[in-house]
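The structure appears below as structure tokens.
The values are calculated or read from the model by the stated rules, or taken from the named source; none is laboratory data. In this text, all values refer to a predicted model and were calculated from it rather than measured experimentally. So basically every Cβ, Gly included, is an ideal-geometry build from the backbone, and we count neighbours across all protein chains shown. Just so you know, the surface numbers come from the protein's heavy atoms only, side chains and all, with ligands and any DNA or RNA stripped out. Shrake-Rupley method; radii C 1.70, N 1.55, O 1.52, S 1.80 Å.
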Amino acid sequence: MKLIIANKSHVKYAQIISDTITESAKVRGTGIAKRTPEYIQKRLENGNAVIALDGDKFAGFCYIEVWGHEKFVANSGLIVHPDYRNQGLAKAIKKRIFELSREKFPDAKIFGITTGLAVMKMNYELGYKPVTFSELTDDPEFWKGCQTCKNFDILTRTERKMCLCTGMLYDSNAKEKKVEKEQVNSKAFKRLKSIKESLFLKKKTNE
Ligand SMILES: CC(C)(COP(=O)(O)OP(=O)(O)OC[C@H]1O[C@@H](n2cnc3c(N)ncnc32)[C@H](O)[C@@H]1OP(=O)(O)O)[C@@H](O)C(=O)NCCC(=O)NCCS
């Protein structure tokens, strides 16, 4: 398995990456922003993405997006092909894209929003902390990316204060505070997620 910083030669993988994201969103049933092949293609070309290949076969992908004039970067679109899951590949991709973010944008805060426990676990291990959305970028272009998520109405209803996703932030200025490797409290996370779902989704059906 090779982890490579993507370039123009990987544009041929844009379709399968987009399809894998769409299929996974259907299976999970939770919201994931859609990413068209054209959108993915741009990310493959601009030197800010990591692709995992098993020979010629697509195995995984993640990209960096820059927001708020480089004050923030997000590591987005993490996807591992179903054939390669549960082998530590997402963890390796996350680590590589995190390192690339730190190399290319050393002063930026790194953030992500996720409904996934796996992603929360990996982010914790890299030093991210859960935060309210007010701590994340206010760049409207970032939040526009949520428009294709099926929960977008919740984000609008709460005036972008909260949604089913949890915001997580790595602040490079706080990095000196070397903490013990932290672990997600999976039980608490699942409970919080279910509270949010019953609160927001129930409200929706009552409207
Ligand atoms: C989520 C995803 C990227 C994980 O990929 P993976 O290569 O199977 O993950 P890894 O094997 O590297 O596992 C990393 C950690 O997450 C945990 N994990 C993996 N899948 C999980 C799941 N479905 N639920 C809870 N934890 C999970 C692993 O146990 C591991 O934790 P550990 O270090 O404590 O053992 C992959 O399932 C995927 O592409 N899903 C669809 C897209 C998606 O959900 N993307 C995230 C959008 S927010």
In sequence order, what are the phi-derived ³J(HN,Hα) couplings for region 76-88 according to the Karplus relation 6.51 cos²θ - 1.76 cosθ + 1.60 with θ = phi - 60°, rounded to whole Hz, with x for glycine and proline?
10, x, 4, 8, 10, 4, x, 5, 10, 7, 6, 10, x
With bins 10 Å wide starting at 0, give me the P(r) of region 103-183 over every alpha carbon pair, in whole percents.
16, 47, 29, 8
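Just subtract the alpha-carbon distance of Ser134 and Ala188 from 0.36 nm times their residue separation and send over the number in nm, one decimal. Can you show the working numbers first?
On the way: separation 54, 0.36 × 54 = 19.44 nm, distance 2.18 nm.
Taking Ser134 through Ala188 to full extension adds about 17.3 nm, to one decimal.
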If you average 1/r across every pair of different Cα atoms in the chain and take the reciprocal, what Kirkwood value do you get, in Å?
17.7
Take the chain, connect every pair of alpha-carbon atoms lying under 10 Å apart with a spring to form a Gaussian network, then pick out the residue of Asn48, Asn185, Asn123 with the largest mean-square fluctuation.
Asn185
Under 12 Å from the Cβ of Gly47, count the other residues' Cβ atoms, weight Lys and Arg +1, Asp and Glu -1, and hand me the total.
+2
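I need the helices of the chain that pass two filters: whole DSSP H segments spanning 18 Å or more by Cα along the axis, and mean Kyte-Doolittle score no lower than -0.5. Could you put the intermediate results ahead of the total?
Values: long enough: 14-28 (21 Å, -0.04); 89-104 (22 Å, -0.59); 186-206 (29 Å, -0.89).
In the chain, the long hydrophobic H runs are 14-28.
In the neighborhood of Ser76, defined by Cβ-to-Cβ distances under 14 Å, what is the net charge if each Lys or Arg adds +1 and each Asp or Glu adds -1?
Working: positive: Lys34, Arg35, Lys42, Arg43, Lys94, Lys144; negative: Glu65, Asp139, Glu141.
Charge balance near Ser76 sits at +3.
In the neighborhood of Leu100, defined by Cβ-to-Cβ distances under 14 Å, what is the net charge if each Lys or Arg adds +1 and each Asp or Glu adds -1? Intermediate results must be reported in sequence, preceding the final value.
Working: positive: Arg43, Lys94, Lys95, Arg96, Arg102, Lys104; negative: Glu65, Glu99, Glu103.
Net charge in that neighbourhood comes out at +3.
What length, rounded to one decimal in nm, is gained on full extension from Leu199 through to Glu45, with 0.36 nm per residue of separation minus their alpha-carbon distance? Mind showing how you got there, number by number?
Numbers: separation 154, 0.36 × 154 = 55.44 nm, distance 4.08 nm.
That pair, Leu199 and Glu45, stretches by 51.4 nm at full extension.
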Distance between region 75-121 and region 1-73 - C-alpha centres, whole angstrom:
11
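Give me the percent of the accessible area of the chain that comes from carbon and sulfur atoms, probe 1.4 Å, all protein chains in place.
Numbers: 6170 of 11720 Å².
So the carbon and sulfur contribution to the accessible surface is 53 percent.
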Ignoring ligands, DNA and RNA, what accessible area per residue does region 2-178 give at 1.4 Å, in Å²?
51
tail above 15 Å in the computed P(r) of region 103-149, as % of all Cα-Cα pairs, reads 55
Between Ile79, Ile154, Ile40, where does the largest GNM mean-square fluctuation fall for the chain, given springs only between Cα atoms within less than 10 Å?
Ile154
Express in Å², to the nearest 10, the accessible area of Cys165 obtained by rolling a 1.4 Å probe over the protein heavy atoms while all chains stay in place.
30
